[in-house]
């Protein structure tokens, strides 16, 4: 008895899904004669990724300006300024530490060291600031490289179509599995116009 009741429930559910408009995948024929006016395609602007890359390599932010991504230009210059300040600050501290070490270790009586660091501490300080100055230079080069890559990728996607004509619809679907056993599934419809 439960076997029959179960089959009747599945059959009723399948009929309901098939007969419900829009869910079963059936479409009604159009009865009105329409005139189709083709849409004119927008004019495609010639955009060169190599030009954007060269501009970004020569002048930071110029590739972003060429790609009309003006909001990225301040980000580019903030990164350049931060790396530039780190280079300046570490170079200044490196020179100060080096001059203090020279004043401490030289034999000339006219140079006087007025700090309170030992010779070993000054050597450690010199190595520390030289290392971070070099890392700051590498950070500046890496940042500039990232901005060049960003300009190149943006230029490749400059004419990419992201219009409303692309759509994906997910709908329930009635299925017949095996020996006429009803089932439920999903239908994916990708529409590209």
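Laboratory data are not the source of any read-out in this text; all were calculated from the coordinates shown. What you see is a predicted model; the values in this text were computed from it and never measured. We place every Cβ from the backbone using ideal geometry, glycine too, and count neighbours over all the protein chains shown.
Between residue 176 and residue 91, the modelled labels are 8.1 nm apart [label points 7 Å from Cα along Cα→Cβ].
If the chain linking residue 103 and residue 50 were pulled fully straight, counting 0.36 nm for each residue of separation and taking away their Cα-Cα distance, it would gain 13.8 nm.
Counting only Cα atoms, the range 49-156 measures 64, 18, 17 Å along its principal axes, largest extent leading.
Length available on full extension from residue 186 to residue 116: 0.36 nm per residue minus the Cα-Cα distance, which gives 17.5 nm.
Using the Kirkwood radius built from alpha carbon pairs, what does the Stokes-Einstein equation give as D for the range 99-170 at 10 °C and 1.306 mPa s, in µm² per second? The estimated diffusion coefficient comes to 90 µm²/s. Rounded to the nearest 0.05, the FRET efficiency derived from the C-beta distance between residue 159 and residue 135 at R0 = 35 Å is 0.35. Under the criterion of Cα pairs below 8 Å and six or more residues apart, the relative contact order for the range 49-156 equals 43 percent.
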